[in-house]
Amino acid sequence: MAVTAVVGLQWGDEGKGKLVDALAARADYVVRYASGSNAGHTVIVNGRRFVFHIIPSGILHERTTCLVCRGVAFDPESFFSELKSLQEAGIAYENRLWISRRAHLVLPLHKLEDEALDRLLGIGTTKRGVGPCYADRAYRLGVRVIDLYCPTTLRQRIRTLLEVKSPLLRKAQIEPPSFDDLFSWCEDVARRLQRFVADTAGILQKALSSGAEILLEGAQGVMLDIDHGTYPYVTSCHPATDGISSGCGINIVPQRVIGVLKCYTTRVGAGPFPTEEKGDIGETLRRRGGEFGATTSRPRRCGWLDLPALKYACRIAAPTHLFVTKLDVLAELEKIKVCSAYRIGADVLTEFPADISVLEKVEPLFREFCGWGDVKGVEAFSRLPSQALEFLAFIEEELGVEVGGVSVGSERMELLERQT
Ligand code: GDP
């Protein structure tokens with residue numbers, strides 16, 4: 001299969017990093033096309049934990065070329081700290097990691113702006129400056145990687161940004177950085193980044209024509225998409241299939257789209273969550289699933305699998321296959337619930353509501369499954385306990401998409417591909 005995309009079907013944190021790492025073993029190119037350092041992909045190899053925010057998880061396979069394309073809100077601080085962890089682990093990245101000239105930079109100013117907005121409006125972001133970076137792109141005030149190498153443009157952009165943003169920062173009692181500080185930060189980044197800067201769309205174009213195996217690494221999830229998600233509790237870009245072509249900078253249509261979902265639901269921060277479990281069950285899921293954000297360590301809210309939300313996500317992302325993670329987390333629960341529909345008053349909703357005030361009021365209708373016991377150490381998909389297979393068959397039937405594999409633990413090898 002020449003082009004494969006891996007996208008999250010829930011509110012992010014589905015375990016995409018692990019699947020990307022597994023698929024990257026067969027890929028020539030691994031590509032990040034959207035989102036920024038507010039996304040965190042975790043890969044565990046032989047007990048060593050890598051968290052990537054900007055660099056594609058495929059970097060751990062030394063045969064792959066990794067691209068950070070135009071659609072990524074590029075945070076140099078995160079990038080350099082990820083490079084350091086690769087260095088420490090002895091993973092070579094020179095001449096196989098490229099950053100788009102057209103990617104927009106997350107500046108220290110954007111992080112301060114996130115902090116200011118949080119203080120003034122309490123919007124609860126990861127404070128990574130990603131929203132302000134994308135907003136400045138739309139305002140036509142942004143600084144792109146290429147602008148780092150044009151001092152006249154850079155000076156003018158920094159001046160304008162400081163003029164526009166300083167009043168907001170001061171209102172939140174934050175002292176804006178000086179022009180000189182910001183300019184010298186950019187000069188330092190320009191120097192350290194130069195050898196990674198490339199025409200990533202051109203590289204991808206050539207890769208496509210040569211029939212190379214390309215893996216597109218989605219970040220976050222459909223339900224966090226700025227347009228399709230539970231607005232305004234969303235991210236500021238299109239992290240799933242919508243964002244692929246514009247984010248890569250060339251028209252690229254994956255032949256295989258793998259939609260990743262956990263066998264329960266989590267979300268970070270505020271926003272409606274119909275299947276949320278606030279009591280013991282939620283606590284058990286959080287503890288067993290290690291549900292604390294890879295970016296901020298915030299505890300994730302936990303609840304049962306939500307099929308109406310997933311049906312909606314499948315309509316948007318059009319996965320050709322599903323990959324279901326964390327079956328081991330539900331092991332040992334006696335009863336496992338799945339929300340199959342929402343009810344509001346006397347009505348059963350057939351559509352996922354666009355109005356979040358409706359979503360806040362819905363009552364989930366559950367179907368119950370028997371627990372499946374321990375799945376660690378199971379060596380083949382077909383050898384999963386019958387209760388787990390029944391649960392997966394139900395998801396498949398409801399979503400109309402085949403389950404291509406599952407994950408039964410956090411380690412690289414704990415992944416079962418379905419043989420067809
Ligand atoms: P991503 O953003 O979709 O890559 O998800 P994260 O990396 O933020 O969160 C997934 C977490 O779940 C990571 O810590 C993974 O190591 C872990 N994980 C992935 N698959 C499994 C699994 O099947 N079982 C368990 N217990 N953990 C898993």
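The values are calculated or read from the model by the stated rules, or taken from the named source; none is laboratory data. Only a predicted model underlies this, so the values are computations on that prediction, with no experimental measurement involved. Don't worry about glycine lacking a Cβ; one is built from the backbone with ideal geometry, like all the others, and counts go over all protein chains shown. These accessible areas exclude ligands, DNA and RNA; they are computed on the full protein's heavy atoms, side chains included. Shrake-Rupley method; radii C 1.70, N 1.55, O 1.52, S 1.80 Å.
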Handout entry: Set of segment 15-31 residues, backbone N closer than 18 Å to the point 7 Å along the Cα-Cβ line of residue 206
Key = 28-31
Completion exercise
With x for Gly and Pro, the residue-by-residue ³J(HN,Hα) of segment 220-235, computed from phi through the Karplus equation 6.51 cos²θ - 1.76 cosθ + 1.60 at θ = phi - 60° and given in whole Hz, is 6, x, 4, 6, 9, 4, 4, 9, 8, x, 7, 4, x, 8, 9, 8
Exercise for the section: Among DSSP beta bridges whose residues both lie in segment 261-417, state the antiparallel percentage, nearest 5. Expected result: 70
Handout entry: Förster radius 45 Å - calculated FRET efficiency between residue 152 and residue 287, Cβ distance, rounded to 0.05
Key = 0.25
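I need to check one value: relative contact order of the chain, counting alpha carbon pairs closer than 8 Å and at least 6 residues apart, in percent. Walk me through the numbers before you get to the answer.
On the way: 914 pairs, mean separation 84.0, N = 420.
About 20 percent, as a whole number.
Using 0.36 nm per residue of separation minus the Cα-Cα distance, give me the extension gain between residue 366 and residue 246 in nm, one decimal. If you can, show how the numbers build up before the last one.
Numbers: separation 120, 0.36 × 120 = 43.20 nm, distance 3.84 nm.
That works out to 39.4 nm of additional length.
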Practice task
For residue 5, list long-range residues whose amide hydrogen, built 1.01 Å from N in the peptide plane, is under 5 Å from its own amide hydrogen.
Solution key: 216, 256, 257, 258
Handout entry: Share antiparallel - DSSP beta bridges, the chain, percent rounded to 5
Key = 40
Problem - Among 142-148, 114-120, the order from most to least packed when residues are scored by Cβ within 10 Å on average - result: 142-148, 114-120
Practice task
Mind checking which of 359, 322, 380 is farthest towards the positive end of segment 260-411's charge dipole, using Cβ charges of +1 (Lys, Arg) and -1 (Asp, Glu) about the Cα centre?
Solution key: 359
Completion exercise
Mean-square fluctuation maximum in Gaussian network of the chain, Cα pairs under 10 Å, restricted to 324, 72, 358, hits 358
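Kindly state, to the nearest 0.05, the FRET efficiency for residue 94 paired with residue 180, given R0 = 25 Å and r defined as their beta-carbon distance. Present the calculation step by step, with values, prior to reporting the outcome.
Details: r = 32 Å, r/R0 = 1.28.
Calculated transfer efficiency: 0.20.
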Handout entry: Chain lengthening between residue 379 and residue 402 when straightened (0.36 nm per residue, less Cα-Cα)
Key = 6.3 nm
Problem - Whole-Hz couplings from phi, Karplus 6.51/-1.76/1.60, listed for segment 351-359; x for Gly and Pro - result: 10, 6, x, 7, 8, 5, 5, 6, 4
Practice task
Name the residue, out of 55, 226, 174, whose mean-square fluctuation peaks in a Gaussian network model built on the chain with Cα pairs under 10 Å.
Solution key: 174
Practice task
Apply 1/(1 + (r/R0)^6) to the Cβ-Cβ distance of residue 46 and residue 227, taking R0 = 30 Å, and write down the FRET efficiency to the nearest 0.05.
Solution key: 0.15
Handout entry: Other-chain or far-sequence residues with amide H under 5 Å of residue 265's (modelled H)
Key = 303, 304, 305
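What percentage of the solvent-accessible surface of the chain, computed with a 1.4 Å probe over protein heavy atoms, is contributed by carbon and sulfur atoms?
Working: 8520 of 17540 Å².
About 49 percent, which is the carbon plus sulfur part of the accessible surface.
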Exercise for the section: Quick one: dipole size for the chain, taken about the Cα centre, charges +1 on Lys/Arg Cβ and -1 on Asp/Glu Cβ, in debye to the nearest 20. Expected result: 1020
Exercise for the section: Give, rounded to the nearest 20 debye, the magnitude of the charge dipole that segment 104-193 has about its Cα centre when Lys and Arg contribute +1 at Cβ and Asp and Glu contribute -1 at Cβ. Expected result: 220
Handout entry: Distance histogram for segment 261-417 (every C-alpha pair counted, 10 angstrom bins, percent rounded to whole numbers)
Key = 10, 39, 38, 12, 1
Problem - Given charges at beta-carbon only (K, R positive; D, E negative), |dipole| of segment 33-100 in Debye - result: 180
Handout entry: Length-normalised contact order for segment 261-417 - Cα pairs under 8 Å, 6+ apart - percent
Key = 25
Handout entry: Positive-end residue, the chain charge dipole about Cα centroid, Cβ charges, pick of 413, 331, 133
Key = 133
Practice task
Show the residues, 5+ positions off or on another chain, whose built amide H is closer than 5 Å to the amide H of residue 292.
Solution key: 300
Fill in the blank from the handout: In this structure, among 127/326; 18/262; 111/262; 127/311; 18/326; 16/262, pairs with alpha-carbon gaps over 21 Å are 127/326; 111/262; 127/311
Practice task
Have a look at 260, 329, 222 and tell me which one the Gaussian network model of the chain (Cα, springs below 10 Å) gives the largest fluctuation.
Solution key: 329
Problem - J(HN,Hα) series, segment 44-55, from Karplus relation 6.51 cos²θ - 1.76 cosθ + 1.60, nearest Hz, glycine and proline x - result: 10, 10, 6, x, 8, 9, 10, 10, 10, 10, 10, 6
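Pull out the extension gain between residue 192 and residue 320, defined as 0.36 nm times the separation in residues minus the alpha carbon to alpha carbon distance; nm, one decimal. Numbers along the way, then the final one.
On the way: separation 128, 0.36 × 128 = 46.08 nm, distance 4.02 nm.
Full extension from residue 192 to residue 320 adds 42.1 nm.
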Problem - For a label point 7 Å along the Cα-to-beta-carbon line of residue 413, residues of segment 46-65 with backbone N under 15 Å - result: 46-48
